[in-house]
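In what follows, a structure is listed as structure tokens, so that the remarks can point back to it.
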């Protein structure tokens with residue numbers, strides 16, 4: 001599958017992967033987050049085990065031709081916050097735009113952020129992802145929007161400094177444990193709905209948790225994703241940049257979308273992303289996210 005060629009772009013995925021066909025499934029992701037949601041007082045902060053310590057073992061950064069994926073080791077899990085069990089963290093990856101377009105998968109009041117990070121977690125009762133894909137709640141994904149500020153995000157830098165080593169499809173870099181990016185505060189502010197993987201096979205088995213408060217990156221860091229990555233292998237005659245790797249928005253149909261107990265933005269007036277596109281000069285700085293920390 002691909003994103004930018006007509007014969008294999010997201011609108012054609014259903015030809016090869018039946019679960020990706022929008023007429024056969026009504027639980028597709030991503031969706032637009034808007035005012036048509038209700039507050040769920042039972043949705044408090046999730047419990048993130050092992051996210052505040054440096055993990056042992058090796059983690060692998062890889063270009064799979066569709067995204068930059070960081071495969072994590074054991075020792076991290078997610079539970080609480082209305083999740084039906086404990087979920088073990090298995091990887092994180094990114095979706096981004098280009099030098100002139102934003103590229104988050106989900107949108108907020110029809111506005112798209114420059115980038116979106118997904119932390120993928122598998123229900124602990126399953127031995128592997130294949131088994132989890134047979135369970136309607138087999139995966140729990142934590143989604144974080146990424147917005148632009150002046151300064152580099154030093155923790156994201158642990159990943160962006162390695163991007164040149166995974167520039168082409170199939171390249172990977174095995175490293176000691178790296179850092180994850182999460183807001184230090186506001187982790188109880190999120191939106192929740194049941195959806196699907198946003199890449200084939202598009203299995204409708206994901207409990208989505210999308211956080212209101214974004215994490216931050218500088219323009220130069222986002223530029224590395226948008227201009228230095230390729231969806232093709234090294235040496236191919238027709239090298240193709242890896243950008244705009246996001247799936248189109250899908251309707252919610254009859255699904256319920258909930259705001260957590262402490263969510264704010266979409267229950268008042270939605271705050272737009274700092275940049276409606278990725279400009280090449282001046283960016284507005286906000287204190288919305290507060291401090292961040294490396295995990």
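No lab work stands behind these numbers, since they all come straight from the coordinates. Being a predicted model, the structure only gives us computed values, none of them experimental. Counting neighbours? That spans all protein chains shown, and the Cβs are built from the backbone with ideal geometry, glycine included.
Yes or no: residue 57 more than 24 Å from residue 260 (Cβ to Cβ), out of contact with any strand residue (DSSP E or B) (no Cβ under 6 Å at 6 or more places or on another chain) and in a loop (DSSP other than H, G, I, E, B)? So residue 57 fits the description; yes. Across segment 39-58, what is the number of residues that are more than 22 Å from the chain's Cα centre (by Cα), under 19 Å from residue 119 (Cα atoms) and either surrounded by 13 or more Cβ atoms within 10 Å (Cβ to Cβ) or free of Cβ contacts under 8 Å to residues at least 24 places away in the same chain (or both)? Residues meeting the conditions: 0.
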